[in-house]
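The values are calculated or read from the model by the stated rules, or taken from the named source; none is laboratory data. Worth saying up front: this structure is predicted, and the values here are computed from it rather than measured. Every residue, glycine among them, receives a Cβ derived from its backbone with ideal geometry; neighbour counts consider all protein chains shown.
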Amino acid sequence: SQKIEQNSEALNIQEGKTATLTCNYTNYSPAYLQWYRQDPGRGPVFLLLIRENEKEKRKERLKVTFDTTLKQSLFHITASQPADSATYLCALGGASGSARQLTFGSGTQLTVLP
Amino acid sequence: GAVVSQHPSWVICKSGTSVKIECRSLDFQATTMFWYRQFPKQSLMLMATSNEGSKATYEQGVEKDKFLINHASLTLSTLTVTSAHPEDSSFYICSASGERAAYEQYFGPGTRLTVT
């Protein structure tokens with residue numbers, strides 16, 4: 001069956017450390033993968049997109065890797081801050097239906113402790 | 001740029017009534033809009049995809065007669081929950097994508113629906 005798994009439901013780290021979130025999938029062949037941030041009671045906010053032929057993408061303190069052999073994406077936040085505390089969602093793009101459709105994982109709730 | 005609004009942000013209605021939720025792209029033309037539902041501590045589940053001027057495509061298990069979607073213009077899509085029941089209570093979120101960055105979806109702030 002098809003599954004998208006994001007490491008733990010909750011992850012606590014100390015301010016200044018690097019947070020690493022994992023997204024694993026089975027029985028999907030996404031054309032691209034996206035990461036979103038969602039705060040409580042709000043809609044997701046787009047962070048990064050990485051395509052199947054790309055290994056790594058960076059944006060400021062964020063870095064995403066995509067390994068289609070392992071069927072895994074890693075999302076890193078360096079020099080983490082309490083303001084980074086939120087739920088982070090990975091989403092597979094073009095894995096089912098149209099090329100624009102996204103299939104979401106259940107998210108990892110990150111708490112950065114001061 | 002790429003701002004999407006939703007209205008209302010929350011609504012309480014009685015069982016058996018209908019509720020309309022609006023989704024607007026404020027600063028870009030949204031050729032495709034998506035409607036999602038999210039239950040507490042769960043992920044977003046895609047309900048339907050709509051392209052401007054054509055009928056929405058519903059995901060398996062979503063009743064199209066219950067969740068009416070209209071995408072009449074490039075900046076507005078509406079979701080009407082007809083004959084609402086308590087089990088329809090959820091967080092409804094729309095997203096929009098345009099031609100410029102076709103694979104990026106911009107999400108609205110969501111609408112909390114409570115059916116009593």
Residues located in region B:9-18, provided they are in a loop (DSSP other than H, G, I, E, B) and away from chain A (no Cβ under 11 Å): B:Lys14, B:Ser15, B:Gly16, B:Thr17, B:Ser18
Verdict on B:Gln6 being out of contact with any His (no Cβ under 9 Å at 6 or more places or on another chain), within 14 Å of chain A (Cβ to nearest Cβ) and exposed (fewer than 13 other Cβ atoms within 10 Å of the Cβ): no
Test: A:Arg37 is surrounded by 15 or more Cβ atoms within 10 Å (Cβ to Cβ) and in a loop (DSSP other than H, G, I, E, B): no
Enumeration of residues in region B:49-99 that are within 14 Å of chain A (Cβ to nearest Cβ), at pLDDT 95 or above and out of contact with any strand residue (DSSP E or B) (no Cβ under 9 Å at 6 or more places or on another chain): none
Residue in region A:63-71 that is within 12 Å of the chain's Cα centre (by Cα), more than 29 Å from B:Met47 (Cβ to Cβ), away from chain B (no Cβ under 11 Å) and of a type in the set (Lys, Arg) present: yes
Residues (surrounded by 13 or more Cβ atoms within 10 Å (Cβ to Cβ) and in contact with a Lys or Arg (Cβ under 8 Å, 6 or more places away or on another chain)) located in region A:1-28: A:Asn24, A:Tyr25, A:Tyr28
Condition met for B:Ile21 (farther than 16 Å from A:Ser98 by Cβ, within 14 Å of chain A (Cβ to nearest Cβ), touching a residue at least 40 places away in the same chain (Cβ under 8 Å) and not in a loop (DSSP other than H, G, I, E, B)): yes
Matching entry among A:Ser29, A:Ser80 (being at pLDDT below 95, more than 11 Å from every other protein chain (Cβ to nearest Cβ) and more than 26 Å from B:Phe39 (Cβ to Cβ)): A:Ser29
Every residue from region A:38-50 that is within 13 Å of the chain's Cα centre (by Cα) and of a type outside the set (Phe, Trp, Tyr): A:Gln38, A:Pro44, A:Val45, A:Leu47, A:Leu48, A:Leu49, A:Ile50
Search result, residues across region A:40-52 that are small (Gly, Ala, Ser) and in a strand (DSSP E or B): none
Tally of residues being out of contact with any Ser or Thr (no Cβ under 7 Å at 6 or more places or on another chain) and either within 14 Å of chain B (Cβ to nearest Cβ) or buried (at least 21 other Cβ atoms within 10 Å of the Cβ) (or both) across region A:98-114: 2
Any pair with Cβ under 7 angstrom, 6 or more apart, that starts in region B:36-48 at a residue that is within 8 Å of chain A (Cβ to nearest Cβ) and within 15 Å of B:Phe107 (Cβ to Cβ) and ends at one that is in a loop (DSSP other than H, G, I, E, B) and among the hydroxyl-bearing types (Ser, Thr, Tyr): B:Ser43/A:Ser106
Filtered residues of region A:70-94 (kept if in contact (Cβ under 8 Å) with a residue 60 or more places away in the chain and under 15 Å from A:Gln6 (Cβ atoms)): A:Tyr88, A:Leu89, A:Cys90, A:Leu92
Members of region B:32-48 that are in a loop (DSSP other than H, G, I, E, B) and surrounded by 16 or more Cβ atoms within 10 Å (Cβ to Cβ): B:Ser43
Residue check for A:Asn53: of a type outside the set (A, V, I, L, M), surrounded by fewer than 14 Cβ atoms within 10 Å (Cβ to Cβ) and either away from chain B (no Cβ under 14 Å) or within 20 Å of A:Lys3 (Cβ to Cβ) (or both): no
